[in-house]
Amino acid sequence: MIKQILCSIALLFISYNTFATPNTASKLQAQAAAYVKNKVVLKADQRVKVEAANIDPRTNFKSCKTFHYFLTDPQISKNNTVRVTCDEDRNFRLYIPVKVTTLIPIVTMKTTADAGDTIEQSDLKISYLSQNRIFGTHYSQINELLGAKLKRRVNRDQPLTRYDICIVCRGDSVKIVAQGRGLYISTSGTALADGLVGDTIRVRNNQSQRMISAIIKSVGKVTVRM
C-alpha cells in the first residue's frame, strides 16, 4: 500500500515537471508576441495588435530554463510562426503561431445620426481599426468632415465614407468665387448636385441665373476660373 502511494506521488511529480505549467506557457506566449511586435515596422499614425496562439498544455518543456525565439520567415506578415528553442535541450522545438493586425486611424461616429444632419466636432471620434476591415474611401482627420451633411443614416461607431456625406449638397446656398488675371469676384449661388472637396458640380448663379461648373473648395464655397 505504501509502495503504491509513493509511486503515485512520484508520477504526479514527474507530470508536474514534464508538462507546461500555466505560468511557463503564458510567459512563452507573451514573449513570442513581444518578439514579433518588436520587428513590426509601422507608419507614424498606425498601431499594431499582436496575438500569440495558446500553447498546448501537454507540451514537454523538460528542464528548459533559457529560451530563444526565431521567426520561421523573416518577413513579417499577417500570420507568422515563432520557433522557440532552449539551451538545456538541443532537440526542443516549439512553434507558436502569431497573428499581426495593423490598425489605422479612422473617423467614426460617436452617436447614431440621421440623413440631413450636419456633422459637428462632438459627433466624431478617431477609432483604430483593422486595415483589412476597411473598404472604400475613409477619413483619418476629423477636420475634413466638419460642416458636412449626412446623406443617409449612420450608426454609432460606424466609419464614415465618401458615400455617407456631402460637403456641398444639392440645394445648398454657396459662395461662388471667381479669380484669375489679378481679379477676385464673389457672388451667391445654389448647388445643383452633391459633392465633396475637389469635385466639380453644377451651380446656379443666383444673380444672373446662369448655370456654371464649379469646384468645391470647402463647406459652402465653390470656385471657378476666369
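The values are calculated or read from the model by the stated rules, or taken from the named source; none is laboratory data. On a predicted model such as this, the values are computed, not experimentally measured, just so you know. Here the Cβ positions follow ideal geometry from the backbone for every residue, glycine too, while neighbour counts run over all protein chains shown. Side chains included, ligands, DNA and RNA excluded: accessible areas come from the protein's heavy atoms. Shrake-Rupley method; radii C 1.70, N 1.55, O 1.52, S 1.80 Å.
Inside the range 170-201, residues that are open to solvent by 60 Å² or more (accessible area, probe 1.4 Å) and closer than 25 Å to residue 138 by Cα make up a count of 4. Remark: pairs (first residue in the range 111-131, under 21 Å from residue 172 (Cα atoms); second residue open to solvent by 70 Å² or more (accessible area, probe 1.4 Å) and part of a loop (DSSP other than H, G, I, E, B); Cβ separation under 8 Å; 6+ apart in sequence or on different chains) = 113/153; 114/153; 115/151; 115/152; 115/153. For the range 147-168, the set of residues classified as part of a loop (DSSP other than H, G, I, E, B) and within 21 Å of the chain's Cα centre (by Cα) consists of 155, 156, 157, 158, 160, 162, 163, 164, listed by residue number. Pairing residues of the range 167-191 that are over 23 Å from residue 119 (Cβ atoms) with residues that are open to solvent by 80 Å² or more (accessible area, probe 1.4 Å) and among the hydrophobic types (A, V, I, L, M, F, W, C), at Cβ distances under 7 Å and at least 6 apart in sequence or on separate chains, gives 178/185; 178/226; 179/226; 180/226; 181/226; 183/226. Taking the conditions (1) surrounded by fewer than 16 Cβ atoms within 10 Å (Cβ to Cβ); (2) in a strand (DSSP E or B); (3) not hydroxyl-bearing (Ser, Thr, Tyr) in turn, residue 129 satisfies each one other than (1).
Being closer than 30 Å to residue 32 by Cα and buried (at least 20 other Cβ atoms within 10 Å of the Cβ) narrows it down to one of 106, 134, 167, so name that one. Exactly one of 106, 134, 167 is closer than 30 Å to residue 32 by Cα and buried (at least 20 other Cβ atoms within 10 Å of the Cβ), namely 106.
If a residue counts only when it is among the charged types (D, E, K, R), modelled with pLDDT of 80 or more and closer than 30 Å to residue 128 by Cα, which strands (runs of 3 or more DSSP E) contained entirely in the range 1-94 have at least 2 such residues?
Working: elements: 47-52, 67-71, 79-86.
Answer list for the range 1-94: 47-52.
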